[in-house]
Amino acid sequence: MTDSSWKQPPDDDGGYNAIKGFAYQFDATLLEVFGSPRSTFELEGSQDLSGENYHIQIKNRSGNFYLSSITKAVSLMFRQFLTGDGSAAFVLHCHFPDQTPGTVRQIASDELDKILTEDLRAADDESKRQFLKVFSVKFSHDYEKQFDSVLQAIKEELSAKDHIEAVSYHAILHSYLRNLVLSNPPGLRRVELKDLRSAVRTAQSSIFASTYVLHCGYDKYLKMVRRRYASRKVNVRNVERVFSFECDHATDPEDIVTAALAIRDRYYIPENSPPPYVTLRGDFDYDVMRRALWDAEVFFEDGCGYQGGRFNLSHLVNPPMRRFGLKIVEQTYLPELILAARVKEFHDLFVDAKCEAPASVPAANHVYLRSYGDFYDVLR
């Protein structure tokens, strides 16, 4: 590489490129997951994507390739390399119009010194040499060709019948990955092929619900949901359940009270089936909902003890002394709870927009309701 390779790249930033960059990253993630169906990947953790023994930065650029174009990505990976044991590989998966897709490029030691940020240039030479042994730049196809590859993989791995269905599945999977990143802290954004299959099935069930209501009527839909719940075992020892309600300022607190009572009375069986968890999501007055429950004597644990103390997850999972039949958890703490309580069932109750179940939950159920008071009729 001659000195002409060291130039400032053209200014190609902006909202359009940022959004396209995330789409490109998600598509590259999907291809990695489809290509390794038995592996678990971490999204947006230490790097854009991490497998069992490698880490990837994913970039899509509209300008030509210059060393300066990859300074930030390479520096980020080298910084992680310095804190590891040296066993993981690091790959920069990227597209530049002037580079041939499929080409793999190594970086020379003098090039690395130019690429690294100033604080990292002071690292010892041996660390740099070891990093260069496990680092490579892999040039890939542009957004459009990568998109075509993803659609083909969706047809093969998720049995999409045609191009139109593959495109719809693609939108579902992007939504799932986006929700995975936004709803979980770093370290808990894990995905594998079975999660992608589950995301598609969940979306299909939601589409089925709205279509069923439209063509068969809401009352018939409720009867179908009631039969579904009636067929499931309730008194199952130590099965932790979460019921998530989509709320806004128009949500009637009394409807939440009615639904919460039905959930408590059906699922809480002392010494066997533990108190279910209820979480409320959306833009609403949380204190109003809590007061409505308490005033109706639907007493609950919330991990805050008496008088609204500081939240303690252990007091919610294993509350001291009191034995209320319901637990309320704020949406913020739900990812922690899912792992700590080893939740087995996630029930999403929605009016407008369903909520994806956390990836670690083995069973998820989505129920459309015009009023949450109707859930009493479903569980009775």
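Just a few scattered comments:
- Checking 90, 139, 147, 81 one by one, the residue that is farther than 17 Å from residue 56 by Cα and either aromatic (Phe, Trp, Tyr) or in contact with a Pro (Cβ under 8 Å, 6 or more places away or on another chain) (or both) is 147 and no other.
- For the stretch 150-180, a tally of residues being under 30 Å from residue 68 (Cα atoms) and touching a Leu at 6+ places or on another chain (Cβ under 6 Å) returns 1.
- Residue in the stretch 159-173 that is within 14 Å of the chain's Cα centre (by Cα) and farther than 30 Å from residue 269 by Cβ present: yes
- Helices (runs of 4 or more DSSP H) enclosed by the stretch 150-264 - at least 1 residues per element that are modelled with pLDDT of 90 or more and over 30 Å from residue 30 (Cα atoms): 218-230
- Residue satisfying all of: in the stretch 305-332; farther than 16 Å from residue 275 by Cβ and modelled with pLDDT of 85 or more; most open to solvent (accessible area, probe 1.4 Å) among these: 332
- Residue within the stretch 348-360 that is closer than 19 Å to residue 301 by Cβ and either in contact (Cβ under 8 Å) with a residue 40 or more places away in the chain or among the acidic types (Asp, Glu) (or both) present: no
- Options 210, 244; residue that is touching a Cys at 6+ places or on another chain (Cβ under 8 Å) and of a type in the set (Gly, Ala, Ser): 244
- Qualifying residue in the stretch 285-304 (condition: farther than 21 Å from residue 209 by Cα, open to solvent by 40 Å² or more (accessible area, probe 1.4 Å), β-branched (Val, Ile, Thr) and at pLDDT 90 or above): yes
- Hits in the stretch 154-212 (condition: open to solvent by 40 Å² or more (accessible area, probe 1.4 Å) and among the small types (Gly, Ala, Ser)): 159, 168, 171, 175, 183, 198, 205, 210
- Number of positions in the stretch 338-354 that are of a type in the set (Phe, Trp, Tyr) and crowded, with 21+ Cβ neighbours inside 10 Å: 1
- In the stretch 217-236, the residues that are under 9 Å from residue 378 (Cα atoms) form Cβ pairs under 9 Å with partners that are open to solvent by less than 80 Å² (accessible area, probe 1.4 Å) and part of a loop (DSSP other than H, G, I, E, B), at six or more places apart or across chains, as follows: 222/369; 225/369.
- Answer residue from the stretch 309-333, given it is among the charged types (D, E, K, R) and either touching a residue at least 24 places away in the same chain (Cβ under 8 Å) or touching a Phe, Trp or Tyr at 6+ places or on another chain (Cβ under 7 Å) (or both) and is nearest to residue 182 (Cα to Cα) among those: 330
- Qualifying positions in the stretch 231-267 - among the charged types (D, E, K, R), under 20 Å from residue 323 (Cβ atoms) and open to solvent by 30 Å² or more (accessible area, probe 1.4 Å): 237, 264, 265, 266
- Residues of the stretch 57-84 that turn out to be farther than 19 Å from residue 116 by Cβ and within 28 Å of the chain's Cα centre (by Cα), as a count: 3
- Any hit, the stretch 355-363, residues being surrounded by 17 or more Cβ atoms within 10 Å (Cβ to Cβ) and more than 14 Å from the chain's Cα centre (by Cα): no
The values are calculated or read from the model by the stated rules, or taken from the named source; none is laboratory data. If you're wondering where the values come from, they're calculated on a predicted model, not measured in any experiment. Here the Cβ is made from the backbone with ideal geometry for all residues, glycine too, and neighbour counts use every protein chain on show. The accessibility values were calculated without ligands, DNA or RNA, using every heavy atom of the protein model including side chains. Shrake-Rupley method; radii C 1.70, N 1.55, O 1.52, S 1.80 Å.
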